[in-house]
Every structure is written in C-alpha cells, then in structure tokens.
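Just so you know, all these numbers are worked out from the coordinates, no wet-lab data involved. Just so you know, these numbers come straight off a predicted model, no measurement behind them. Every residue, glycine as well, gets a Cβ built from its backbone with ideal geometry; the counts of neighbours run over all protein chains shown.
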Amino acid sequence: MADLSNRPSVATVDQMVGRSLEGHRVLLVDDQPMIGEAVRRLLADQPDISYFFCAQADKAKEAAEQFQPTVILQDLVMPGIDGLDLVRQFRQQPATAQTPVIVLSATEEAATKAQLLEAGANDYLVKLPHQIELIARIRVHSDAYKRLLERDAAFGALERSLADLTREREKSERLLRNILPDSIAERLKNNAQTIAEDFPSVSVLFADLCGFTTFSQHVDASQLVDLLDDIFSAFDHLANAYGVEKIKTIGDAYMAVAGLPEPREDHAEAVAGMALGMLEAFRGVMSNRGLSMEVRIGIHSGPVVAGVIGKHKFSYDLWGDTVNTASRMESHGEPSRVHVSAATHELLRDRYRFADRGEMTVKGKGIQRTYFLLGRSD
C-alpha cells in the first residue's frame, strides 16, 4: 500500500487528477539533449503520451511542479547531482512524493538498482530502452499513479464532506444548547421521545422593563433590538455565573429558574444573587446609554413541571402554580426592587435581609404576605 504521509494537499491532488485525465505525462531529466530527442521520437507516435524534456537537474523539481508528470524518467549520472539524491528530492517534494520515477542508466548493476529502490525509485531501465518496453513501463506506472491520485482525490472529497458535516453538527449543537439546557439537549440527541419531569422545589424569576412599551414607540427597530440585546446579554451572563437556567424572553420580559434540570438545594439563593446582580447590571446599561428606565423583578419558590414542547422549534418551558405566582410577584412589585413570596422568604431569611411588605391582594391568589429582597445579611 502506498505511503500517504507525503500526500499532496487536496487542492494539488484535484489539480493533478484534472491533468491525469489528459493521458500519460512523461518528464525526462537528462543532461544529454541527444537522449532527450531519442526518447521524444520513441514516444512521438503515442497520442495519449505528453512529453517534456529537462536538461538541467537543478531545474527538475521546478519542471515537475509546472508539468505535473504522471511518470518521471531520470538519468542516473548527471553533472552536479547524484541520481540517488535527485530521487530523494522528488520524494521529499509534495507535488512528486508519489510520482513514479524510472531511472535510466547505461549499466545494469544489482547493487545500484537496490540503492535506487531504497531511495524511492519505482523502476530501472538500461538506456536507451526498447520502444515497446519503455512505453509499457510508462503506461503501467502512470496508470497506477493515476489510480492513486483518483483515490486521494476521493479521499480528500470525503474529508471535506466530513469536515463540513462536523462543522454543521457543531453549529446545530451550539444552537440547540443555546435554546435548551445541556442535559436536555443531550437527551434529545439520544432520541428521547418525551421529556417531562416534576421538580418539587425550584425558584422561578420573572423580570420586566418598566416603561418599555412607551419607550419603544419613540425609537427605531435597530435601537430597540440593540438595547434589549445589551440588557438580556447582561442577564444571561449573570445566569451563567449563578448557575441559573434561562427559560425564555417574551418581548421585554425575562424568565429564569434555579433547581432544574439538575436539582439543587440552594436554588433560592442562586436566584436571589442573580436578581440583585440584575438590578446593578440594569442600572449600568441605563447609565451607559443615558436612559432612565427601571426593571421590576419577582421570585417565587415551589414545585413545577418542566418539559420540551415542539417538534421543529424546541422550547423548554415550565408549568404550574409556582410559575404563575412568580409572575404575579413581578407584576405586583415595584420598579428597581426584587419582590419575593413568603415561600422564597422562608428559604432565604437566614442569609438575606428583607423589607416586610405586609399582606396584599395578589391577582388570582388572594391575600398573601410578600417581601422585598434587600441584600445579603452581614
């Protein structure tokens, strides 16, 4: 089997294959023009053989690059370079690393033949060879080389296809993991039919931009999208930092949860830390842009059902009373404050400071006691 360690580049192989379809291409390197003319005459009546003569050994590599032969005929003894060294040079050059080399010599010695074959030559002929034998050797070696080129070109095309497929698969995976939690994306890759789970204790966060609807009526679309991208990118960064799972954005609203898909006991603390960070990050974005909007955040803790819906556009979402209550905590809250339920307060009260808001009527939930999250306890 041929050694492919010195295989030419894919572009070079494709170029060589194109040339190979033209027939057999013979390059003769010999310092005697008389030999060059004699070989030309031997091959003259062969319409499928193209011939090129190079009388200077130091120009042989350049001639091979330009002519792209399918067979190289080479004299053994030339001024300025040893025939063995020239064979080695052809083997070290990517364009001729696999090109068959037939050495021509006035003598036929077994030791010399062995040295040439060890150096990388493919064949040995006493010059001037008989026309029939020369043409037969050229055809045999040239056909073998062209098959090698075609195989390498096919292999290169396969490599390119596999590389393209790998890039597309990686792109699809990145997109999938941008939409879904990593563990959920992995389960979908493994052909999970239905993904739906109960989580007994999580903390859900909702955030909404106060005054955004009015603001959006006075700016163009690109400015609006750019602002939301700036804000939500800052929120996403905080979600990653605290290990909180972003669920989705709806218009100018942002939803996230801690405690799923991987359960964690400190879910309320993770969401609280993120919420306080969101207030600071939002103020930074507004200050940098010279705007005066505020953000309102609500949190509630409890059980939820989580799962993937959709067949073509996947969505990982949450359902249950906990989600509705968290949404109510946001909508019943105040600008630039984090409004939390009694359930979340119970989980955090030993580590965080709160302002008791007292009892209030929450739409659809009746009278509830709620709190504003102020920060960590000393």
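Couple of notes before you dig in:
- Rounded if a/c under 1.5, otherwise prolate or oblate - the chain, Cα gyration tensor axes: prolate
- Count of Lys pairs (Cα-Cα under 25 Å; at least 8 positions apart or interchain) in the chain: 23
- Two-site FRET efficiency, Thr107 against Glu150, from Cβ-Cβ distance with R₀ of 22 Å, rounded to 0.05: 0.05
- Placing unit charges on the Cβ atoms only, positive for Lys and Arg and negative for Asp and Glu, gives the chain a dipole magnitude near 780 debye about its Cα centre.
- DSSP-assigned coil residues among GluC sites (Glu not before Pro) in segment 58-122, each with at most 14 further Cβ atoms within 10 Å: Glu108, Glu109
- Hypothetical label at Ser233: residues of segment 271-314 whose amide nitrogen lies under 13 Å (7 Å Cα-Cβ projection): 285
- Two-site FRET efficiency, Arg40 against Asp143, from Cβ-Cβ distance with R₀ of 22 Å, rounded to 0.05: 0.55
- Quotient of C-alpha Rg and 2.2 N^0.38 Å, computed over segment 10-159: 0.99
- Once the C-beta distance of Gln217 and Glu159 is scaled by a Förster radius of 41 Å, the resulting FRET efficiency is 0.15 to the nearest 0.05.
- Value of Rg to Rh for segment 186-376, rounded to two decimals, is 0.98; Kirkwood radius and Rg both from alpha-carbon coordinates.
- Summing charges over all other residues whose Cβ lies under 12 Å from the Cβ of Met360, with Lys and Arg as +1 and Asp and Glu as -1, gives +2.
- Applying both filters, DSSP loop and at most 15 other Cβ atoms within 10 Å, to the GluC sites (Glu not before Pro) of segment 312-378 eliminates every site.
- Sparse-neighbour loop sites [trypsin sites (Lys or Arg not before Pro); segment 242-337; at most 10 other C-beta within 10 Å; DSSP]: Lys311, Lys313
- Within the chain, percent of DSSP bridges classed antiparallel, to nearest 5: 70 percent
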